[in-house]
Every structure is written in C-alpha cells, then in structure tokens.
Amino acid sequence: MKLLHIDSSPLAANSASRELTRRAAAQWQAAHPNVEVEYLDLVADAPSHLAHDSLGFRLGIAAEGLTDAQQGENALSEKLVSQFLAADVVVLGAPMYNFSVPSQLKAWIDRIAQAGRTFRYTEKGPQGLAGGKTVVIVSTRGGAYGDASVMDHQESYLKAVLGFFGVTDIRIVRAEGLAMGDAGKAQGMEAAQRAIQALTPEAANEGQAALRA
Ligand code: FD5
C-alpha cells in the first residue's frame, strides 16, 4: 500500500494543516504498518503555473518535436501524475486561502488533470480514471463555513475535481474557525483530531501512542 502525503501551506512551522497531515499520515501508518509513504511538499517544490512550455502533455506531441524546456516540463507533469495514480491513499493538506486553495495546490492539480491519465472523454461524457483510492482532504480555515457554504471554493472545488478523476472515497478532516480566538482555534483543531481518529478507528489508540513517542 502506498500513501502520498502532500502539504501545500506556505506557513511552514506555524501551519495548522501541516501539523494535521503529519498526524493523519502517522495514524494511517500505525494502522497499516506496511504502508510505503511518499512526501510531496508543494511549497518547497512548487510546480510552476501552466504556461506555453508546460501545456505539451495535453497535445501528446512526440518528444522530438519539443524543446528541452518543454520536455523538462512534460517530465515534471508525468512524474506528478504517475505519483498520484500510484497512491492508494493520499493525505492532502489544503488550507483555505482567499476562499480557495493555495495556488501551489492549484498548480499541482493543473499538472495531474490529464486526459487519458486521470480522466478520459467518452461518448457518454467524461469518465474518471483514478478511482479505487482514498483521499483525505485536510482542510484548514480561518473562518467557519461548515459543510456547504457559497463562500467555500476550497473543499467543494477539491471534491469536484477529485470526483471528476473518479475518486469516490473522499474523507474530510476539517479544522475551521482558526481565526476565531484561542477557544475557537482549539475547538477547530480538536474536531480535526476526532476526524483523524475516525479515519482508522481500529488503530486510533496505537496512532496516539506513536505520536506521543
Ligand atoms: P495553514 N481563512 C478564511 O476563512 N478565508 C480566507 O479566504 N484566506 C489567505 C492567506 C492566509 C490565510 C500566520 C486563514 C483564510 N485564511 O496554512 C487560513 O485558512 O496550514 C488559516 O490560517 O495553517 C489556516 O490555518 C482565508 C491555513 O492553514 C487566507 C494568505 C495566510 C487565509 C474568508 O475565508 C498565521 C500568518 C498569517 C495568518 C496566520 C493568517 C491567518 C491566520 C493565521 S503565522 S488564522 N488568517 N503569517 O503563524 N493570515 O505568522 O505563520 O486563520 O487567524 O489562524 N503571515 N487569515 C485570514 C506572515 O498570515 C483569516 C480569515 C479570513 C481571511 C484571512 C506574515 C509575514 C511573514 C511571514 C508570515 S476571512 S514575514 O475574512 O474569514 C475570509 O516572513 O515576516 C514576511
């Protein structure tokens, strides 16, 4: 089993989502000791925004027809999409920034949204090709929006795009209200911790022990 652990918060050591993805990944590992963990830091290693040289994967042009820069960009997109497809579980740190996700996370999605890899077009419409995996969205927010708000272009966006890729097992670990005073923040983090424990109920206790160690 492969677990892909992704962070996208620029807040470094102060990041709430980085703390929570670390706990979620540790707990999953405690429940599945044979899991192989790969880590992707989308801030330290940010894929650039799509630009003329990086759109080649959409056209399927043979490498000979491409410049070195274009080949390099395609290789990066290929690395990211194959890494995502290979994962059985993805723990995805996704803070709310300006009602949506950090642009590094959007840039990653732009790289892995590839016809023929994560989805394909059929006569009956688009079909996802990345089913069969679990994605844990670790959602952090300054305000509190709950499950369904017109202000939310973060969780709702991620659920839509992952659903488009064929992912049906999407779980939300949410810490919200982080800007609402110390008590609000503590409440938000506790709710997220409960959601993390519910991810692998059989191993919640071992996970806690591993974290204390
Ligand atoms: P993680 N929350 C919202 O609810 N909404 C947003 O649109 N946009 C945009 C940015 C940032 C935060 C430090 C809060 C938002 N947030 O990164 C964000 O979701 O993993 C949470 O912080 O921790 C969450 O914890 C929205 C993110 O996950 C945002 C650009 C940064 C945004 C309606 O919807 C701590 C710094 C900050 C912070 C911060 C900041 C906020 C908060 C903590 S720290 S918090 N809140 N550093 O610890 N902007 O110093 O690293 O939410 O009170 O916990 N900055 N922001 C906020 C820094 O910037 C909250 C609500 C709303 C809008 C914004 C500065 C200088 C330097 C380094 C760092 S809203 S330097 O009005 O409700 C909008 O090195 O000295 C140059």
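Values as computed for the structure displayed
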| quantity | calculated |
| --- | --- |
| When the chain is reduced to its Cα atoms, the Kirkwood hydrodynamic radius in Å | 18.0 |
| Positive-end extreme of charge dipole, the chain - chosen from 193, 86, 132 (charges on Cβ) | 193 |
| Above-threshold pairs, the threshold being 26 Å between Cα atoms, out of 106/133; 2/124; 79/185; 133/185; 79/159 | 2/124; 79/185; 133/185 |
| Probe 1.4 Å, protein heavy atoms only - accessible area per residue of region 94-147 in square angstrom | 44 |
| Dipole moment magnitude, nearest 20 debye, the chain about Cα centre, only Lys, Arg, Asp, Glu C-beta charged | 360 |
| Highest-MSF residue in the chain out of 69, 115, 160 [GNM, Cα springs under 10 Å] | 69 |
| Percent carbon-and-sulfur accessible area, region 34-170, ignoring ligands, DNA and RNA, probe 1.4 Å | 53 |
| Dipole axis of region 53-132 (+1 Lys, Arg; -1 Asp, Glu on Cβ), positive-most option in 99, 62, 113 | 99 |
| Neighbour cut-off at most 13 other Cβ (10 Å), DSSP loop, trypsin sites (Lys or Arg not before Pro), region 96-153 | 124 |
| For the chain, share of DSSP beta bridges that run antiparallel, in % to the nearest 5 | 15 |
| Region 46-179 - percent relative contact order, Cα under 8 Å, separation 6 or more | 26 |
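The values are calculated or read from the model by the stated rules, or taken from the named source; none is laboratory data. In this text, all values refer to a predicted model and were calculated from it rather than measured experimentally. Cβ coordinates were reconstructed from backbone atoms using ideal geometry, including for glycine residues, and neighbour counts include every protein chain displayed. Please note that ligands, DNA and RNA were not included when accessible areas were found on the heavy atoms of the full protein model with its side chains. Shrake-Rupley method; radii C 1.70, N 1.55, O 1.52, S 1.80 Å.
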